[in-house]
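Just so it is clear, none of the values below were taken in a lab; they were calculated from the coordinates. What you see is a predicted model, and the numbers here were worked out from it, not measured in a lab. A quick note on method: Cβ atoms are made from the backbone with ideal geometry, for glycine too, and the neighbour counts reach across all protein chains shown.
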Amino acid sequence: MHPRKLYSCLLAATTTLAAKVYLAGDSTMATIAGADGTQGWGTYLKDRISLEVVNNAIGGRSSRSFTREGRFTAMANQVARGDFVVIEFGHNDGGSLSNDNGRSVCGVVNNDYNTTCQITYNGVQETVQTYYTYLVNAAKLFQSKGATVIISSPTTRNVWDGGNYAFAPSRFVGYAKDAAAAVGATFVDHQIYTAELYRKAGSQTVNSYYPNDPLHTSPAGAQVVARAFVLALDATSSALKQYITSK
């Protein structure tokens, strides 16, 4: 092989081997160190793909608070060209700004994703944006670093919590899908794939995945949710799917 071609192949291989997957999200994705019996699905993604996973998800965060606290920026300073970034929020983004908790986003008015709200939080004036806008801005930041962005819909709650199967997609699913389309990122519908695995598993099994509340999963539940993400990813054209090792 010509030395120049050999060098190019080795460089490509090195880049591929060095690629990492960075996760940004809330407690449903985060690695939980406590002893409350719950765990986030991001903890187990490493068992289903061949790339290193860097889990930057943290409990209690929304797209807004993750932005305000500088966590997207901190991640972008770590991300290298060729890496992948998965963004998944939605559980802490709802709520009213009239009693602001620092996490609620500005609601979409007249289908205008550019809607903003003026809030004073902890004594500081803040322009609060929509969930869509926070995701778009974060995605663009990572793309500027040469990363491939995947925007994921939030996980579903326990669809068997009321005794019968009941699932309805949250409004954040559509917002996430639109945000992904706006920046040319891959959209992964994690929520519907999780709901479908839960439907097949049945009430008794799924209820055992939720030791404390209808949102936070046990380690066993988190492994199922990680599988749902991989199944949803595999249904897309994302380059990340080539690294799937287990479905």
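The lysines within cross-link reach of residue 140, meaning a Cα-to-Cα straight distance under 26 Å and a gap of 8 or more places when in the same chain, are 20, 46, 177, 241. Values of log10 I(q)/I(0) for segment 113-158 across q = 0.14, 0.16, 0.19 Å⁻¹ run -0.52, -0.64, -0.78, by the Debye formula with one identical scatterer at each alpha carbon and no solvent. By other beta-carbon atoms within 10 Å, ranking 98, 153, 27 with the fewest at the front produces 98, 27, 153. For the pair residue 101 and residue 166 in one chain, pulling the backbone fully straight at 0.36 nm per residue adds 20.5 nm over the alpha carbon distance.
Contact order normalised by length for the chain, with contacts defined as Cα pairs under 8 Å and 6 or more residues apart; what percent is it?
Relative contact order of the chain: 21 percent.
Here the Gaussian network model covers the chain, with springs between Cα atoms less than 10 Å apart; of 73, 38, 120, 120 fluctuates the most.
Starting from segment 42-84, pick out the trypsin sites (Lys or Arg not before Pro) whose DSSP state is loop and whose Cβ has at most 15 other Cβ atoms within 10 Å.
On the way: sites: 46, 48, 61, 64, 68, 71, 81; in loops: 48, 61, 81.
In loop regions of segment 42-84 (DSSP not H, G, I, E or B), the sparsely surrounded trypsin sites (Lys or Arg not before Pro) are 81.
Taking every DSSP helix (H) stretch of at least 4 residues in the chain, weighting each as -39,500 (n - 2.57) and dividing the sum by the residue count yields a mean residue ellipticity at 222 nm of -11000 deg cm²/dmol. About its Cα centre, the dipole of segment 109-247 is roughly 360 debye, where the only charges are +1 on Lys and Arg Cβ and -1 on Asp and Glu Cβ.
If you look at the Cα atoms of segment 53-182, you get an Rg and a Dmax of 15.4, 47 Å.
Considering the chain as a Gaussian network with a 10 Å cut-off on Cα pairs, which listed residue, 163, 184, 221, attains the greatest mean-square fluctuation? Residue with maximal mean-square fluctuation among 163, 184, 221: 163. Dipole magnitude for the chain: computed about the Cα centre from +1 point charges on Lys and Arg Cβ and -1 point charges on Asp and Glu Cβ, it is near 800 debye. For residue 247, put the label point 7 Å out on the Cα→Cβ axis and report which residues of segment 215-240 keep their amide N under 16 Å from it. Once the point is set 7 Å along Cα→Cβ of residue 247, 226-240 turn out to lie under 16 Å by backbone N, inside segment 215-240. Would you compute the Debye intensity of the chain from its alpha-carbon atoms alone, equal scatterers and no solvent, and pass along log10 I(q)/I(0) at q = 0.14 Å⁻¹ to two decimals? Taken in order of the listed q values, log10 I(q)/I(0) reads -0.92. A Gaussian network model of the chain, with springs between Cα atoms under 10 Å, assigns the largest mean-square fluctuation among 195, 235, 19 to 235. Across segment 88-140, C-alpha contacts under 8 Å between residues 6 or more apart give a mean separation that, scaled by the residue count, equals a relative contact order of 27 percent. Put simply, the amide H of residue 186, placed in the peptide plane, has neighbours under 5 Å in 149, 151, leaving out anything fewer than 5 places away on its chain. Charged neighbours of residue 104, selected by a Cβ distance under 14 Å, balance to +1 (K, R count +1; D, E count -1).
Take 217, 156 and order them by how many other Cβ atoms sit within 10 Å, fewest up front.
On the way: 217 28, 156 25.
Sorted ascending by nearby Cβ count, the order is 156, 217.
Fewest-first ordering of 216, 91, 190 by other beta carbons within 10 Å of each residue's beta carbon gives 91, 216, 190.
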